[in-house]
1. Please list, ordered by first then second residue, the pairs with beta carbon atoms under 6 Å, 6 or more apart or interchain, first in region 92-104 and touching a residue at least 60 places away in the same chain (Cβ under 8 Å), second part of a loop (DSSP other than H, G, I, E, B).
């Protein structure tokens, strides 16, 4: 028998700012209006990273992965965007979830600018920039989606 609440639980979007050492993360609210940063994942081994992300996706009832696509300012692919795509493909297959790639140009610079303007120390910025970047990425996507929805 299926749990009625489980089948009606709100679905969310998990945004990831994928790096080789850390993955910044943010999750949407149940209605898909706001983004909330969640603790950064410090990378270890691919198998452990995938297992931790699966746990998070299950806990947050994620229906879509939003992956930051690191492009050059010109819009061309970068070496990091190839690495990110490879990781996202593995993650999508492991989680059996769809992936949307979203242009992340300037999100890290904007995150650092916002934290500096809020008076964050260098150490605070270093610890929070990935989470803030993922939050900005998700906010951008949610804003675009709300502008283009037919509802």
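1. What qualifies is 104/70.
Table: residues versus (1) farther than 21 Å from residue 98 by Cα; (2) in contact (Cβ under 8 Å) with a residue 40 or more places away in the chain.
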position: 40; (1), (2): yes, yes
position: 59; (1), (2): no, no
position: 65; (1), (2): no, yes
position: 78; (1), (2): yes, no
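Quick note: the coordinates plus some simple rules give every number you see, no bench work behind them. Computed from a prediction, not measured in an experiment: that's the story for all the values here. Glycine gets a Cβ as well: all are built from the backbone with ideal geometry, and neighbour counts include every protein chain shown.
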